[in-house]
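Here is the structure we will look at, set down as structure tokens.
The values are calculated or read from the model by the stated rules, or taken from the named source; none is laboratory data. Please read these numbers as outputs of a predicted model, since none were measured by experiment. FYI the Cβ positions are ideal-geometry reconstructions off the backbone, even for glycines, and counts take in every protein chain you see.
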Amino acid sequence: MTILVTGSAGHLGEALVRTLQAGGEAVAGLDIVASPYSDHVGSLTERAFVKRCLKGVTTVYHAATLHKPLVATHSRQNFVDTNISGTLNLLEEAVAQGVARFVFTSTTSVFGDALVPPAGEPAAWITEDIAAIPKNIYGVTKAAAEDLCQLFHRRFGLPVIVLRTARFFPEADDSKAMRDSYADANVKANEFLFRRVDIEDAVSAHLLAAERAEALGFGRYIISATTPFQPEDMGLLRQDAPAAVRRHLPHYEDIYSKHGWRMFPAIDRVYVNARARSALGWRPVYDFARVVSDLAAGEPLGSPLTRQVGIKGYHVEDFAEGPYPVE
């Protein structure tokens, strides 16, 4: 196999394997969980296992991670072991075995406390120039893994692209207040304005990142749906989000009302994907305008790939606050 996808039992990993297989690529999946898309089952913390899995591999898509919903159920050491030590093992073996390109799936969660401006301030316009201020162990370990990627490019010349992905999971929102206030599809539709990406678009970004890795050398890019907003919208967006949306899509409320949906009263940040579109040639298909158009036509939310991958869940049990607790 010439392509290795880590985290192949997860949402993005499975989506990558499905897409690469459909394109006729020689791809193997790796995960600690057995699945139809996991050829190698084991832990990234085991260096010998990682070494075996990288034999003959030229491209690595590193999507395996402990996620934010696991913060309350896994120790900080678990996060360090998987997200930092596991990434280090992959990078060291990638260099040792002559891997040509490495794509690391990071997260917009690395921005952490930089995402929420003080009360009374405009919404935050989040680009790659905003300094990361992680607020939990998930964000800390992903930011550290990003820095390891940069180190291995600088020290060994390994072409590495870091993709800070917005939300793409189909599971229910991690906020009980949000779940109690809005229909699930309503929440996700709203998020396409500022903090969500369809999994099909996330996959296309990863494939383009691999294609461009050797030319770019190293780069960090935000992967989120293209927002309709501009910096001059940020003040109104924080105060009156429905009015800000009407500036760009004046008909959305009629379509929403037919489904009993509502816009959030305020939005506090917007992820900006301009750099990824420019550097990678990425052209995401699913944005808020597409969501509204599909809703009007009676089409389901998101891509067919999103529905094929489906809901996986993060825990086998429910908790007092809902499907998963977060710190």
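Before moving on, here are some points about what is shown:
- Only listed residue being part of a helix (DSSP H, G or I), in contact with a Leu (Cβ under 8 Å, 6 or more places away or on another chain) and acidic (Asp, Glu), chosen from 214, 200: 200
- Flag if residue 232 is at pLDDT below 95 and either among the acidic types (Asp, Glu) or touching a Leu at 6+ places or on another chain (Cβ under 9 Å) (or both): no
- In segment 100-126, the qualifying residues are those that are closer than 28 Å to residue 6 by Cα and surrounded by fewer than 21 Cβ atoms within 10 Å (Cβ to Cβ), and the one that is modelled with the highest pLDDT is 100.
- Tally, over segment 36-58, of residues that are part of a helix (DSSP H, G or I) and buried (at least 20 other Cβ atoms within 10 Å of the Cβ): 2
- Test: residue in segment 68-88 that is touching a Lys or Arg at 6+ places or on another chain (Cβ under 7 Å) and either at pLDDT 95 or above or outside any strand (DSSP E or B) (or both): yes
- For residue 61: the one exception among (1) closer than 27 Å to residue 211 by Cβ; (2) in a loop (DSSP other than H, G, I, E, B): (2)
- Assessment of segment 64-73 against the conditions (charged (D, E, K, R), touching a residue at least 40 places away in the same chain (Cβ under 8 Å) and buried (at least 17 other Cβ atoms within 10 Å of the Cβ)) yields at least one matching residue.
- Positions within segment 129-150 being in contact (Cβ under 8 Å) with a residue 40 or more places away in the chain and either within 20 Å of residue 61 (Cβ to Cβ) or hydroxyl-bearing (Ser, Thr, Tyr) (or both), in sequence order: 138, 141, 142, 144, 145, 146, 148, 149, 150
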